[in-house]
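Structure record follows, encoded as structure tokens.
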Amino acid sequence: MNFFEHLISYEDYLLKHPFHNLLGIKLDIYGRVNRKIERSLSYSIDQNSIESISAELDDLVRLHYLVTSRKVTTILEFGVGKSSIVFDHALNFNKQKHSSFVRDNLRRSNPFQCFSIDNNNEWISKARKIADTSLVDFHFSRCSVSTFNGRICTFYDELPNVCPDLIYLDGPDQYSTIGDIRGVSTNHPDRLPMSADILAIEHFLLPGTLIVVDGRASNARFLKANLQRDWTYFYHDDFDQHFFELTEKPIGRFNKRQIDYCLGADFYQRSR
């Protein structure tokens, strides 16, 4: 399951889709676009940090490419940030190219919109200040410790009531959730993020939906162990990203029409 076989050059892709300008990134200073940035062991678990994570262009190019190559219409993003700006840019491209077909042929109530949810108003405010994101709806919600089938995990208290064809899981962080179960919470340096929101809405999702989990290996394994439908799973070691694609037969003519137009014959090859 290689969604990036046609992404030959990250630099060429950015020339065609220069979203890095919105993020204030100078390519001559940044260096090779597809290089991986090495961070310290404590970088992602410092609960006192108030600085947003610096941009990783390789990850952002791949996210943008997924949206454009799959002709994505509706995104549900857990955790706001630079990815929100990238999604807005990619959806604007899709809107220009595919809005007529989507309007006339598909049943999509939230076409070319990204719904980004976070439990930190400060991050939402920062994301709004970076760039004008006309296609992103930011949602604030508390995130609480709860259980899924007896397993301790976290849920946002409220989710946008939408049907996404791309879900990006990059939040919440482990420290900002509220409460505990029998004294256990994620608020500890040795704990791990363990979001279960996707599991709660799984049976509302349509075939062809793609879930991207950025890092968060234990959370991805938790999803893999508890998802009940026919998902094809792939972990890309070089990217440290997990991919779940709902490779079931289409549900009804509108879903089939969307799969045919947006994903094409490759989807049916993957769903065999």
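The values are calculated or read from the model by the stated rules, or taken from the named source; none is laboratory data. Please read these numbers as outputs of a predicted model, since none were measured by experiment. We place every Cβ from the backbone using ideal geometry, glycine too, and count neighbours over all the protein chains shown.
Only one of 193, 164, 172 is surrounded by 20 or more Cβ atoms within 10 Å (Cβ to Cβ), within 17 Å of the chain's Cα centre (by Cα), free of Cβ contacts under 8 Å to residues at least 40 places away in the same chain and within 24 Å of residue 228 (Cβ to Cβ); which? After applying the criteria, what remains is 193.
Going through (1) touching a residue at least 40 places away in the same chain (Cβ under 8 Å); (2) within 21 Å of residue 67 (Cβ to Cβ); (3) crowded, with 19+ Cβ neighbours inside 10 Å one by one, residue 219 falls short only on (2).
Does the range 163-171 contain at least one residue that is farther than 30 Å from residue 93 by Cβ and modelled with pLDDT of 95 or more? Scanning the range 163-171, I find no residue that is farther than 30 Å from residue 93 by Cβ and modelled with pLDDT of 95 or more, so the answer is no.
For (1) surrounded by fewer than 21 Cβ atoms within 10 Å (Cβ to Cβ); (2) within 14 Å of the chain's Cα centre (by Cα); (3) of a type in the set (Lys, Arg), each residue gets a yes or a no:
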position	(1), (2), (3)
88	no, yes, no
108	yes, no, yes
112	no, no, no
118	no, yes, no
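For the range 19-37: of the residues being part of a loop (DSSP other than H, G, I, E, B) and modelled with pLDDT under 90, which is farthest from the chain's Cα centre (by Cα)? Out of the qualifying residues, it is 31. Taken across the range 250-271, residues that are under 18 Å from residue 63 (Cβ atoms) and free of Cβ contacts under 8 Å to residues at least 40 places away in the same chain do not occur at all. With respect to (1) part of a loop (DSSP other than H, G, I, E, B); (2) within 23 Å of residue 87 (Cα to Cα); (3) of a type in the set (A, V, I, L, M, F, W, C), the lone exception for residue 201 is condition (1). If the condition is being surrounded by fewer than 18 Cβ atoms within 10 Å (Cβ to Cβ), at pLDDT 95 or above and not in a strand (DSSP E or B), then the range 228-248 contributes 228, 229, 230, 248.
Residue 225 meets all of the listed conditions (1) hydrophobic (A, V, I, L, M, F, W, C); (2) touching a residue at least 40 places away in the same chain (Cβ under 8 Å); (3) in a helix (DSSP H, G or I) but one, namely (2).
Once the range 1-18 is narrowed to residues that are in a loop (DSSP other than H, G, I, E, B) and touching an Asp or Glu at 6+ places or on another chain (Cβ under 9 Å), the residue that is nearest to residue 212 (Cα to Cα) is 3.
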